[in-house]
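Chemist: The structure is given below, and queries will be raised subsequently.
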Ligand code: SF4
């Protein structure tokens, strides 16, 4: 019996990260072009990279969605048609949009499939039906919707639903926030969010006096009370599947290659396990959770997936929890006959170190770097980020595998 399984949708902040996400198991990736998206600081794709990315994803049976989810000012429409016709010509699978004017424009000028961005904060059946009548085929629900809400919207509005399963949260109704405009002159609704909600703020005595629990507010006089923990939905993955949520989205276009690879691998393995067995075992759940703790993250929360988020979702601590591992780089070439692998370096390492390879499938394994050489075969004592170096060949390592190092505790 074939089982309904959701699509795993991963972030692709660059062409390299797209390749990583696809090879580690994403069914689809979302990315931004040079304009119209909400991640000004992501590397974003040139037209040539877009084509290369779409071709690569399609060769590996993955889809590519392009985000056009900023709220448009009138002048933004000047170059929109040309861009839309281009992405349609290279066979992008869908666009992710929030502005109703842009949705109408896309329907008038192209046959592109339209997904409603989470920025539009769709949370109910009536809103979903309205968006459907405008040509939307899928809604990316606001993070405030529960899995139960999503299942009802899908059934009663008759369109696909996509939900966030992992990643950073926004304390506002996804992005409808202007703190960054005031504090940094950057517009969250045009890709400029400066994560102002993560900063430390102080409560004035006046506001504390008005609070219900004065003692608690006093304790939080200087605090990060607007900063949210990160979403982690692995423990309720069975509920997403049983509720037939069409797509599970991972946040994080600006996060690292190691993040893109680890999250794609963990959720892929979990989904595949369920597809084959129809349930999860607590042992494999613990292993997946432990892998998700190896990447840099804030404390995790299930936020509103089951019941509305409350103050247990506030990340009232100063620093990110350190990832247990550092990204060392990615393998660019494997030469068994010459006994070396070419590694693109992300962080410094030395000859003699024990590193860990994250395979596309299966358990991570250690390798000892007995030598490090330049591409012209000069022995190196240490490495520089951004360079290519040769390290010893190991059986089982593949091109684009990620290499990491366990941090000393
Ligand atoms: S500053 Fe925080 S609340 Fe505002 S848009 Fe950015 S992430 Fe959301």
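The values are calculated or read from the model by the stated rules, or taken from the named source; none is laboratory data. Given the structure is predicted, the values throughout are model-derived calculations rather than measurements. Backbone-built Cβ (ideal geometry, glycine too); neighbour counts: all protein chains shown.
Chemist: Taking region 225-250 as the search range and keeping residues that are modelled with pLDDT of 95 or more and in a loop (DSSP other than H, G, I, E, B), which one is surrounded by the fewest Cβ atoms within 10 Å (Cβ to Cβ)?
Modeler: Selected residue: 244.
Chemist: Let me ask another. Could you run through region 251-270 and say how many residues are closer than 23 Å to residue 347 by Cβ and in a loop (DSSP other than H, G, I, E, B)?
Modeler: Counting residues in region 251-270 that are closer than 23 Å to residue 347 by Cβ and in a loop (DSSP other than H, G, I, E, B) gives 5.
Chemist: A further question follows. Evaluate the following for residue 57: is it assigned by TED's automatic domain parsing to the domain that holds residue 248, farther than 22 Å from residue 166 by Cα, crowded, with 22+ Cβ neighbours inside 10 Å and at pLDDT 95 or above?
Modeler: No; evaluated as a whole, the condition is false for this residue.
Conditions tested, residue by residue: (1) free of Cβ contacts under 8 Å to residues at least 40 places away in the same chain; (2) under 17 Å from the mean Cα position of the chain (by Cα); (3) part of a helix (DSSP H, G or I).
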position	(1), (2), (3)
151	no, no, yes
165	no, yes, no
170	no, yes, no
173	no, no, no
176	no, no, no
183	yes, no, yes
192	no, no, no
197	yes, no, yes
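Chemist: Could you list all residues from region 396-408 that are touching a residue at least 12 places away in the same chain (Cβ under 8 Å) and assigned to a loop (DSSP other than H, G, I, E, B)?
Modeler: Once the filter is applied, which keeps residues that are touching a residue at least 12 places away in the same chain (Cβ under 8 Å) and assigned to a loop (DSSP other than H, G, I, E, B), region 396-408 yields 396, 397, 398, 399, 400, 401, 407.
Chemist: Name the single residue that is nearest to the ligand (Cβ to nearest atom) among those in region 128-144 being closer than 22 Å to residue 225 by Cα and touching a residue at least 60 places away in the same chain (Cβ under 8 Å).
Modeler: Checking each candidate, the answer is 143.
Chemist: In the same structural domain as residue 301 (by TED's automatic domain parsing) and at pLDDT below 95: which single residue out of 142, 101 fits that description?
Modeler: Exactly one of 142, 101 is in the same structural domain as residue 301 (by TED's automatic domain parsing) and at pLDDT below 95, namely 142.
Chemist: Within region 174-196, how many residues turn out to be more than 21 Å from residue 255 (Cα to Cα) and within 9 Å of the ligand (Cβ to nearest atom)?
Modeler: Here the count works out to 5.
Chemist: Considering only residues that are part of a loop (DSSP other than H, G, I, E, B) and without any contact (Cβ under 8 Å) to a residue 40 or more places away in the chain, look in region 111-127 and name the one that is surrounded by the most Cβ atoms within 10 Å (Cβ to Cβ).
Modeler: Ranking the qualifying residues of region 111-127, first place goes to 122.
Chemist: Assess whether residue 277 counts as being at pLDDT 95 or above and on the phi < 0 side of the Ramachandran plot.
Modeler: yes
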